[in-house]
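Quick notes on the structure that follows.
The values are calculated or read from the model by the stated rules, or taken from the named source; none is laboratory data. Quantities reported herein were computed from a predicted structural model and do not represent experimental measurements. Every residue, glycine as well, gets a Cβ built from its backbone with ideal geometry; the counts of neighbours run over all protein chains shown. The accessibility values were calculated without ligands, DNA or RNA, using every heavy atom of the protein model including side chains. Shrake-Rupley method; radii C 1.70, N 1.55, O 1.52, S 1.80 Å.
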Amino acid sequence: MRSKTTPCVVLDATEIHRDWFLAGLEFPLLRFLSSSHRVDPVVPASVVAEAVANHERHYTVARRAMTKAATEFRRVTGVASGFPVPESNDQLNYELVLRERFESLWIEVAATPQTPHEEIVARAVSRRPPFDQNGSGYRDTLTWMTCVELANQGRDVYLVSQDKDFAGRNLQLAPQLEAEVAALEGNVTLVRNLGKWLTEQVPWKDVSDLREASGLARDEQVAAMFAPWDMFEDPGLTAEELGLPPDSNITDVSYGGTGGHGFGYLERLSHEKTESGANRVVYEFPIEFEVEVSMNSEEARQAGLIQHENNWTGVEQITTSIPMTGLMTVVHDERDVETPLYFDSFEFVLDRDTAVPRPGDHPDQLRLFDGEGGASSR
């Protein structure tokens, strides 16, 4: 647990039930807010047990329905095969997958509350919420007692649930439950819409749409992982790609900075959904490469790399910086538990439109293109 001032978000089983693999728009945003210490998400251990049991039951029902539909299709068409049956995974360990998702999303699983069993029995007998009038509500009560324990520690708790057993007639927290926490250092607020509430917590101004907020959260995650000094230390660029004469002999190309823009300078150019439901995003960023190259003196002069008299050997040994624009494709797939984000491809484009030779460390040798850094003649 973090600071008492960090809002604590407790997820009920209804949030997992509506999105079994936690892959919706809310969850990249939840990850960002949690990793940046703006919220503290918690799932009670009883909720995990309930979700796992419910998933097994729903899987059994869905599997049976799929088999029945395939049988009926063959009966009415007379076709023995060819029904497009979706792939299924009878060996799926849903609890393991769910716990891995929690870890990926920075969600903590809270231990079972220390509430005496006699107290829970008394609540059930008196039909005290979240027990209903039929006496059902044992697991919901464990969730509620988790919230009470957190509020007793001084936490501001936001219980996210669609379950009406927590709510009064106005769909806010039931008055009896409000009374329970009124004297505690912290408090408990019932949240009915996780996406809307998370969007209200974002640090960006004038962002009120969940889709936009989730996209910005993905951008922030990419920027945090983007390490050009490591990723592009040996880019393998050719003379043609670097805008050098074709006969140039390149001896070394290495990362040379971002042209003064800083390491986190990324601009989202495009976004599309793949057939599998993943998000493919293309980002643009400035980058410079330090290039060590030898070339014919006349070609070097024509390229604007030297102003001094030709080397007596007719070959120039040159070090220069070349500014380029990087294009990076990133795939975000929250359904991929092991790799919800990966860098798919990179491309580098020469910055010719702003290319202006600039004197480097040697007064007679010019940089090939405008940008940060200097050039030297050896």
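The test for being open to solvent by 70 Å² or more (accessible area, probe 1.4 Å) and either modelled with pLDDT of 95 or more or among the polar types (S, T, N, Q) (or both) holds for residue 67.
Which one is surrounded by the fewest Cβ atoms within 10 Å (Cβ to Cβ), of the residues in the stretch 142-187 that are part of a helix (DSSP H, G or I) and without any contact (Cβ under 8 Å) to a residue 24 or more places away in the chain?
So in the stretch 142-187, the residues part of a helix (DSSP H, G or I) come out as 142-152, 164-166, 175-181.
Filter once more, so that each one left must be without any contact (Cβ under 8 Å) to a residue 24 or more places away in the chain: 164, 175, 178-179.
Numbers: 164: 15, 175: 12, 178: 15, 179: 10.
Ranking the qualifying residues of the stretch 142-187, first place goes to 179.
Check whether at least one residue in the stretch 35-56 is in a helix (DSSP H, G or I), among the hydroxyl-bearing types (Ser, Thr, Tyr) and in contact with a helix residue (DSSP H, G or I) (Cβ under 6 Å, 6 or more places away or on another chain), and report yes or no. There is at least one residue in the stretch 35-56 that is in a helix (DSSP H, G or I), among the hydroxyl-bearing types (Ser, Thr, Tyr) and in contact with a helix residue (DSSP H, G or I) (Cβ under 6 Å, 6 or more places away or on another chain). Residues of the stretch 129-141 that are touching a residue at least 40 places away in the same chain (Cβ under 8 Å) and part of a helix (DSSP H, G or I): 139, 140.
For the stretch 242-258, the count of residues that are among the acidic types (Asp, Glu), more than 29 Å from residue 155 (Cα to Cα) and at pLDDT below 90 is nonzero.
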